[in-house]
Amino acid sequence: MIKKGIFGTINDKEVEFFLLKNKSSIEAKIISYGAALVSLKTPDKNGKLADIVLGYDGLEGYLNDTCYHGCTVGRVANRISNAKFMLDGKEYKLTANNGSNHLHGGNIGFNRVLWEARPFEEKDCCGVIFKYQSSDGQEGYPGNLDITVTYTLTNDNELKIDYNAVTDKKTVINLTNHSYFNLAGHDSGDIYSHQIQINSESITETDADLTPTGKIIPVKNTPYDFTKLKPMGRDINKLDMGYDINYILKKSSPMELSFAAKVCESQSGRVMEILTSEPAIQFYTGNFLNGSAGKNGASYKKHNAFCLETQHYPDSPNHPEFPSVVLNPGDVYRHLTVHKFSVK
Ligand code: BGC
């Protein structure tokens, strides 16, 4: 079932919201600004609903947001070192919006634009198709890029995000969703007791500015080891800020939709599993949340949420040894991520 309405206006243009509901009373609310997931209510083990993603009550919050709450991130998610890269012998300079680096698509990334939206309803699911054209040269990237992001809520308690894109010039692309989760509820404090398993045995090592050194290091015997379910808080204090790292997913073939991560919160009994076609996942424990105001009077502090951003490795345009993020005209960029919800 879908309900739609107006979330706010920007430059006299309406920002729409879409409220998707399924048979088990899961509710996902998505807006056309940033193609962002602004609320996600799922039942706990007693059937009580709670909103498990952080965000803002109104459009104002999203217009002023610096945390990337719930949004679609692109053209290239994560950091690009020194805000530049080479493609076919030509250097492309991007907006530097994170020190000297480029982060999450620059100043006007896909989180800061209005998407065209079309809702759909089928027998066992409903959803919204968002479309946006990013123009040649936007934030420094080459090529006009036509992007489609489809959110689908199924009666199997899955929230799927499906990304597609085509370009008219050789370019680079790496899209993701930046939802901050707290399975106890968006305003429930720290995530230390959440247990997480990540289907990965190695990470891309980063420098102090969080860009990859190029080295792939095993997680075994390090605080990064989540090969088996482990509380997020067990080793977090062994790290400077918390987790903010790219895990390389175990796959039997590239692009296959396979298990990426599982998170369990025992008080509520909520479980979230993530499957993805992408080769990697960024695990980020909200290290830069600074007490800013969120929905319903909540204040979001450091480690009050986690993000699991399915994507290609950070700074791939500058690392030819990483799986390629290059998109050629005539080819189609595809990425599917599935969030599956249950209780235990
Ligand atoms: C990155 C963090 C960054 C955050 C911004 C995450 O995807 O890994 O380093 O600060 O996004 O909200």
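Assess whether residue 283 counts as being out of contact with any Pro (no Cβ under 9 Å at 6 or more places or on another chain), farther than 15 Å from residue 181 by Cβ and assigned to a strand (DSSP E or B). Spelling it out, it is not the case that residue 283 is out of contact with any Pro (no Cβ under 9 Å at 6 or more places or on another chain), farther than 15 Å from residue 181 by Cβ and assigned to a strand (DSSP E or B). So residue 92 clears everything in (1) assigned to a loop (DSSP other than H, G, I, E, B); (2) within 30 Å of residue 214 (Cα to Cα); (3) among the hydroxyl-bearing types (Ser, Thr, Tyr) except one condition, right? Which one? That leaves (1) as the condition not met.
Once the stretch 197-225 is narrowed to residues that are among the hydrophobic types (A, V, I, L, M, F, W, C) and away from the ligand (no atom under 16 Å from the Cβ), the residue that is surrounded by the fewest Cβ atoms within 10 Å (Cβ to Cβ) is 217.
Candidates in the stretch 36-50 are the residues that are closer than 30 Å to residue 312 by Cβ and under 18 Å from the mean Cα position of the chain (by Cα); of these, the one that is nearest to the ligand (Cβ to nearest atom) is 36.
Listed here are the residues, each with its yes/no results for (1) of a type in the set (A, V, I, L, M, F, W, C); (2) in a strand (DSSP E or B); (3) within 16 Å of residue 126 (Cα to Cα).
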| site | (1), (2), (3) |
| --- | --- |
| 23 | no, no, yes |
| 45 | no, no, no |
| 50 | yes, yes, no |
| 56 | no, no, no |
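Pairs are defined by a Cβ separation below 6 Å, a sequence spacing of at least 6 or placement on different chains, a first member in the stretch 52-80 that is closer than 19 Å to residue 209 by Cβ, and a second member that is polar (S, T, N, Q) and assigned to a loop (DSSP other than H, G, I, E, B); the pairs so defined are 79/211. Does residue 72 fit the bill of being under 18 Å from the mean Cα position of the chain (by Cα), within 20 Å of residue 288 (Cβ to Cβ) and surrounded by 19 or more Cβ atoms within 10 Å (Cβ to Cβ)? Yes; evaluated as a whole, the condition is true for this residue.
Residues that are touching a Gly at 6+ places or on another chain (Cβ under 8 Å), crowded, with 20+ Cβ neighbours inside 10 Å, at pLDDT 95 or above and of a type in the set (S, T, N, Q): does the stretch 36-49 have at least one? Yes, because at least one residue in the stretch 36-49 is touching a Gly at 6+ places or on another chain (Cβ under 8 Å), crowded, with 20+ Cβ neighbours inside 10 Å, at pLDDT 95 or above and of a type in the set (S, T, N, Q). Per the conditions (1) more than 22 Å from residue 199 (Cβ to Cβ); (2) away from the ligand (no atom under 16 Å from the Cβ); (3) buried (at least 21 other Cβ atoms within 10 Å of the Cβ), the sole criterion not satisfied by residue 300 is (2).
In this structure, does residue 316 turn out to be more than 20 Å from residue 223 (Cβ to Cβ) and either surrounded by fewer than 22 Cβ atoms within 10 Å (Cβ to Cβ) or within 14 Å of the ligand (Cβ to nearest atom) (or both)? For residue 316, the condition - more than 20 Å from residue 223 (Cβ to Cβ) and either surrounded by fewer than 22 Cβ atoms within 10 Å (Cβ to Cβ) or within 14 Å of the ligand (Cβ to nearest atom) (or both) - is not met. Could you check, for the stretch 272-293, whether at least one of its residues is over 18 Å from the mean Cα position of the chain (by Cα), more than 12 Å from the ligand (Cβ to nearest atom) and surrounded by 17 or more Cβ atoms within 10 Å (Cβ to Cβ)? No, the stretch 272-293 contains no residue that is over 18 Å from the mean Cα position of the chain (by Cα), more than 12 Å from the ligand (Cβ to nearest atom) and surrounded by 17 or more Cβ atoms within 10 Å (Cβ to Cβ).
On inspection, residue 135 does not qualify as at negative phi, buried (at least 17 other Cβ atoms within 10 Å of the Cβ) and of a type in the set (Gly, Ala, Ser).
Among the conditions (1) of a type in the set (A, V, I, L, M); (2) buried (at least 19 other Cβ atoms within 10 Å of the Cβ); (3) away from the ligand (no atom under 16 Å from the Cβ); (4) more than 30 Å from residue 136 (Cβ to Cβ), the only one that residue 327 does not satisfy is (4). Among residues of the stretch 75-89 being assigned to a strand (DSSP E or B) and within 13 Å of the ligand (Cβ to nearest atom), the one that is surrounded by the fewest Cβ atoms within 10 Å (Cβ to Cβ) is 79.
For the stretch 142-198, the strands (runs of 3 or more DSSP E) that sit wholly inside it and include 2 or more residues that are under 25 Å from residue 287 (Cα atoms) are 195-198. One residue stands out in the stretch 25-43 among those that are part of a loop (DSSP other than H, G, I, E, B) and of a type in the set (Ser, Thr, Tyr): the one that is nearest to residue 187 (Cα to Cα), namely 25.
The values are calculated or read from the model by the stated rules, or taken from the named source; none is laboratory data. From a predicted model like this one, the values you see are computed outputs, not experimental measurements. FYI the Cβ positions are ideal-geometry reconstructions off the backbone, even for glycines, and counts take in every protein chain you see.
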